[in-house]
Ligand code: UDP
Ligand code: MG
């Protein structure tokens, strides 16, 4: 029997984009159904991430026009990662495979065919990897590529140039559900779940409409979250820096004592100030990094829900009984 596919699409203030891309998603789904690659019970599941515009109304109306459209709505905006997670957790008992993708048409939906093929060939996770970034500005491309390099260097294992366009089987999802952390960085977590995985390549297009919700500040926050939720390498680096500075200081102490007894000690205001500033600065940065981890621990100990679903389209409500 062909597998049930749920396409998971997070949407935040996408009233300009949704009316354009929704038909593309539906065409793709019906194409896969008519080729007997996936089951007729497959769905396009939109996750409204607390949008303040007409996004949720559009989703509700879509679900009335075609049974394949479905939607859930988060009680407030929680960010892209939590929205995808909410969709995956909602879908995992109702389907055999999920494909998560952004709703802005930037990721090439035609590689979904290949993703499903790879699943049918026995792969449980299929990562969509960008082969080119020609349409991104130089700045976006440079920052994004540095982002992957930094992540890997800092010990977070991520697939290079893979964002959140991926196929995941429900078997992997049910294991993934045991990862209870509140700080989530999906693309770094799925490699940890394991199982057989492979990559498919695609070219990234420009947004069909609207604007990116990921300015540099949010990208930096995501990079920082990614590193701190997956790796403790920064703390190890701090320990390394500490040891080096301590060794240097010991030589400095030896030198000062010698200089004193040889009568060569002069009032060195400049060098003194320099050292205090340097070490003070390094200490503050180190404290900040350690503080970041303590903050993460604090958030984890609260065990607050990672998403709250406030509403569902009628067809999703029916599925729950
Ligand atoms: N998104 C979301 N919640 C947010 C921000 C974004 O669900 O708080 C969704 C957005 O609707 C889109 C996807 O996440 O489907 C990626 O966002 P965007 O296209 O703005 O990011 P970029 O592609 O520029 O990195
Ligand atoms: Mg986008």
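Computed quantities for the displayed model
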quantity: Any chance residue 190 is part of a helix (DSSP H, G or I), surrounded by 13 or more Cβ atoms within 10 Å (Cβ to Cβ) and in contact with a helix residue (DSSP H, G or I) (Cβ under 9 Å, 6 or more places away or on another chain); calculated: yes
quantity: Residue within the range 101-108 that is within 19 Å of the chain's Cα centre (by Cα), outside any loop (DSSP other than H, G, I, E, B), modelled with pLDDT under 95 and within 16 Å of ligand 1 (Cβ to nearest atom) present; calculated: no
quantity: Pairs, first in contact (Cβ under 8 Å) with a residue 12 or more places away in the chain and at positive phi in the range 100-112, second surrounded by 20 or more Cβ atoms within 10 Å (Cβ to Cβ) and not in a loop (DSSP other than H, G, I, E, B), C-beta under 6 Å, six or more apart; calculated: 105/21
quantity: Which numbered condition residue 178 fails, given (1) more than 16 Å from ligand 1 (Cβ to nearest atom); (2) buried (at least 18 other Cβ atoms within 10 Å of the Cβ); calculated: (2)
quantity: Options 67, 59: the member that is part of a loop (DSSP other than H, G, I, E, B), on the phi < 0 side of the Ramachandran plot and either touching a strand residue (DSSP E or B) at 6+ places or on another chain (Cβ under 7 Å) or surrounded by fewer than 23 Cβ atoms within 10 Å (Cβ to Cβ) (or both); calculated: 67
quantity: Qualifying residue in the range 197-212 (condition: more than 16 Å from ligand 2 (Cβ to nearest atom) and under 23 Å from residue 89 (Cβ atoms)); calculated: yes
quantity: Number of the exception - residue 91 against (1) within 16 Å of ligand 2 (Cβ to nearest atom); (2) within 22 Å of the chain's Cα centre (by Cα); (3) farther than 25 Å from residue 221 by Cβ; calculated: (1)
quantity: Residues of the range 215-241 classified as within 16 Å of ligand 2 (Cβ to nearest atom) and surrounded by 15 or more Cβ atoms within 10 Å (Cβ to Cβ), total; calculated: 2
quantity: Counted residues, the range 113-153 - those being over 16 Å from the mean Cα position of the chain (by Cα), at negative phi and not in a helix (DSSP H, G or I); calculated: 10
quantity: Odd one out for residue 29, checked against (1) surrounded by 15 or more Cβ atoms within 10 Å (Cβ to Cβ); (2) free of Cβ contacts under 8 Å to residues at least 40 places away in the same chain; (3) farther than 23 Å from residue 115 by Cβ; calculated: (3)
quantity: Residue in the range 156-177 that is within 24 Å of residue 281 (Cα to Cα), part of a loop (DSSP other than H, G, I, E, B) and touching a residue at least 24 places away in the same chain (Cβ under 8 Å) present; calculated: no
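Residue-by-condition table, conditions (1) within 16 Å of ligand 1 (Cβ to nearest atom); (2) touching a residue at least 40 places away in the same chain (Cβ under 8 Å):
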{"position": "194", "(1), (2)": "no, no"}
{"position": "201", "(1), (2)": "no, yes"}
{"position": "217", "(1), (2)": "yes, no"}
{"position": "220", "(1), (2)": "yes, no"}
{"position": "230", "(1), (2)": "no, yes"}
{"position": "241", "(1), (2)": "no, yes"}
{"position": "250", "(1), (2)": "no, no"}
{"position": "262", "(1), (2)": "no, no"}
{"position": "268", "(1), (2)": "no, no"}
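The values are calculated or read from the model by the stated rules, or taken from the named source; none is laboratory data. From a predicted model like this one, the values you see are computed outputs, not experimental measurements. Cβ atoms come from the backbone with ideal geometry, glycine included; neighbour counts cover every protein chain shown.
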